[in-house]
């Protein structure tokens, strides 16, 4: 989910934990501090993603609408109720179909467990010095998170891949087919909308499409490699790479059922349930937690 930039959230600059207790975001977080931060920043607990939007996406996924498949080709013919049950298991959303309004909910314990598994995959990639590919459809929110991972993995000896830099990609949007350009910022792939300035103030376009990762992986294969031993991303990046047989890990919101179906069917290695549209700074404590657990703190 993506919300307008500058939208007020009513949260302090340094979110407080339950009962008003402050959460340290300047250093490494304990599990308890991380849980408090997830709740205070609305990365988990009641999130800004609406129940209505989540249920709408589950129905579209059950109908195999390509807009919500994110490049995944499900093996199972998932019904709406099966998806609701899966999202309850993976994210903690209510499995009551009569619950149709209000904010959706993510269980912070599920988020923490998934972040631990995510960190384990990063540690393995660093240990083996695997080439990695990072990409996002949420550059305004998640660029800093992925860029920090790219920097840490590079420092550990992993090659951060940037195939198909500048390649044009025709992506279907709500305004019709638009040509975007594949770009890399701080080692992280994204697409830029037509006319966007190639500077830091225009980090990229919000996108669910799997086409960018297909183009990037196709170019890497055509050039003789190397191919990534791990793909890290969201939306079409994680699902599209997983569908092609690459190990893929990344976050998913309550209205991104494809990410969790991919995990359930074995094509996404780790799906982390969290709100993917909060202020970019609120992901920094998560970044520090993951890098510390992966033994990649710089």
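Where a number appears in this text, it was derived from the coordinates with a stated rule and is not lab data. Given the structure is predicted, the values throughout are model-derived calculations rather than measurements. Ideal geometry is used to build each Cβ from the backbone, glycine not excepted, and the neighbour counts take in all protein chains shown.
Return a yes/no flag: does segment 256-271 have any residue that is without any contact (Cβ under 8 Å) to a residue 12 or more places away in the chain and in contact with a helix residue (DSSP H, G or I) (Cβ under 9 Å, 6 or more places away or on another chain). Full working, then the answer.
The initial filter retains those residues of segment 256-271 that are without any contact (Cβ under 8 Å) to a residue 12 or more places away in the chain, namely 266.
With the extra rule that they be in contact with a helix residue (DSSP H, G or I) (Cβ under 9 Å, 6 or more places away or on another chain), the set shrinks to 266.
Yes, there is a match, as at least one residue in segment 256-271 is without any contact (Cβ under 8 Å) to a residue 12 or more places away in the chain and in contact with a helix residue (DSSP H, G or I) (Cβ under 9 Å, 6 or more places away or on another chain).
Across segment 88-128, what is the total count of residues that are assigned to a helix (DSSP H, G or I) and touching a helix residue (DSSP H, G or I) at 6+ places or on another chain (Cβ under 9 Å)?
So the first thing to find is which residues in segment 88-128 are assigned to a helix (DSSP H, G or I), and the list is 88-90, 108-128.
Of the ones still in play, those that are also touching a helix residue (DSSP H, G or I) at 6+ places or on another chain (Cβ under 9 Å) are 89-90, 108-112, 114-116, 118-120, 122-123, 125-126.
Qualifying residue count, segment 88-128: 17.
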Quiz item: Can you name the residue in segment 273-282 that is outside any loop (DSSP other than H, G, I, E, B) and either surrounded by fewer than 24 Cβ atoms within 10 Å (Cβ to Cβ) or free of Cβ contacts under 8 Å to residues at least 40 places away in the same chain (or both) and, of all such residues, is nearest to the chain's Cα centre (by Cα)?
Solution: 280
Self-check item: Hits in segment 48-75 (condition: farther than 18 Å from residue 91 by Cβ and touching a strand residue (DSSP E or B) at 6+ places or on another chain (Cβ under 9 Å))
Solution: 66, 67
Exercise. Sort out which residues of segment 241-261 are more than 17 Å from residue 93 (Cα to Cα) and in contact with a strand residue (DSSP E or B) (Cβ under 7 Å, 6 or more places away or on another chain), and write them in order of number.
Key: 241, 242, 246, 247, 248, 249, 250
Self-check item: Which numbered condition residue 71 misses (of (1) in contact with a helix residue (DSSP H, G or I) (Cβ under 7 Å, 6 or more places away or on another chain); (2) in contact (Cβ under 8 Å) with a residue 24 or more places away in the chain; (3) surrounded by fewer than 19 Cβ atoms within 10 Å (Cβ to Cβ); (4) assigned to a loop (DSSP other than H, G, I, E, B))
Solution: (3)
Quiz prompt | Residue count, segment 155-192 (criterion: surrounded by 15 or more Cβ atoms within 10 Å (Cβ to Cβ) and outside any strand (DSSP E or B)) | solution = 10
